[in-house]
Amino acid sequence: MTAEQAPETESGRASDARLGIGWLLLDMTLVSGGMTALVKAQGATYPAFQLVFIRAMIGLLFILPLIWRHRAEMTRIRHPWRNVFRISCNAIALTSNFLAITMLPLAMVNAVGFSRPLITMAMAVAMLGETVSRIRWLGAGLAFVGVLIVMAPGTSGFDMAVLVVLVSVVFGSLAIIQTRALRDENTTVMMVFYTVGLAVITAVPAAFTWQRVLPFDWIPLLGIGFLAQLGQYCFLRAYRIADASVLAPVGYLSIVMVTITGYVFFGEVPESRVVVGVIVILAALQGAAWLERRGSIG
């Protein structure tokens, strides 16, 4: 690389980083802001299974052209049962998350959700044989202390509904582990399995709990699926353009987004323990990432 090419390369990376951050911020605005608000509002009337099923059906409409274009790959599924297990975990995680959003303040749901890195790492070590540095274990452990501060177990501030969030975290982590294990599976196959599987798995419980939808309510219900699908596109665009190390810290801004959403639309003011817990979580995760980067550079 010549001296003239180096600045150009650095400039290109900086431009990619800014563009990737922009896509990720748009994803958070659509999902953490818009979709979450719609789920919380509509969850007071319609069951979580119904909301997830509608979201899946809208997603299916979006990927129908993709299914047709890659129909040949659909006949070459390498791991059908592992895909089924992955989607089952996703269905439980998403339904639990939607239910938790309707039951708890948004900031608390998001904060408890930050326990996922620790659970995912533990599962990756136990189920995939991955190795995790001591610094990452330390950071995840301290972050979990922050989660415990938010949850306040054993005190009068503890809400049993927090267990619903933990169900979402555990099954969401299981789905991530299965995704890692399916590295040799075709990406299109995995996308189709996710959307179709989510619709199939939630169809029966949605039918049993279905509430008649008022004509005007179809607008926000369809909005949930549309914003979720659009947010997923923005998320994928962000991680295609910029490095994960650049985007990961930005992802923690979701706690700010959902807190603003909860305050503006639902009058939710975070309790002091939630604020303290979030500070501990962010400091632990960011500190561990910084120490690991510094160690790798040194």
Using a Förster distance of 45 Å, the FRET efficiency for Val275-Leu64 (Cβ separation, nearest 0.05): 0.50
Spin-label proximity, Phe266 to the range 155-190 - amide N less than 18 Å from point 7 Å beyond Cα toward beta carbon: 158-169
Gain on full stretching of the segment that runs from Leu214 to Arg76 - 0.36 nm per residue minus C-alpha separation: 45.5 nm
Value at 222 nm in deg cm²/dmol, rounded to 500, when DSSP H runs of n ≥ 4 in the chain each add -39,500 (n - 2.57): -26000 deg cm²/dmol
Residues Glu130, Glu292, Glu268, sorted so that the one with the fewest Cβ neighbours within 10 Å comes first: Glu130, Glu292, Glu268
³J(HN,Hα), Karplus 6.51/-1.76/1.60, whole Hz, each residue of the range 105-120, x for Gly, Pro: x, 4, 4, 5, 4, 5, 5, 5, x, 6, 6, 4, x, 5, 5, 5
Point-charge dipole on Cβ atoms (K/R +1, D/E -1) for the chain, about Cα centre, debye to 20: 560 debye
For the range 252-261, 3J(HN,Hα) per residue [Karplus equation, 6.51 cos²θ - 1.76 cosθ + 1.60, θ = phi - 60°, Hz, x = Gly/Pro]: 6, 5, 4, 5, 5, 4, 6, 5, 5, 4
Selection from Ile201, Val169, Tyr263, by position along the positive dipole direction of the range 157-276 (Cβ): Ile201
Normalised alpha carbon radius of gyration of the range 135-185 [divisor 2.2 N^0.38 Å]: 1.49
Gln286/Met160 FRET efficiency (R0 35 Å; Cβ-Cβ; nearest 0.05): 0.70
Using a Förster distance of 22 Å, the FRET efficiency for Arg183-Arg293 (Cβ separation, nearest 0.05): 0.30
Coarse-grained scattering of the chain at q = 0.08, 0.10, 0.11, 0.13 Å⁻¹, given as base-10 log I(q)/I(0) from a Debye sum over alpha-carbon atoms: -0.38, -0.60, -0.73, -1.03
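FYI, it's all coordinate maths here, none of it is from the lab. Owing to the predicted nature of the structure, the values given are computational and were not obtained by experimental measurement. Heads up, the Cβs are rebuilt from the backbone with ideal geometry, glycines too, and the neighbour counts pull from every protein chain shown.
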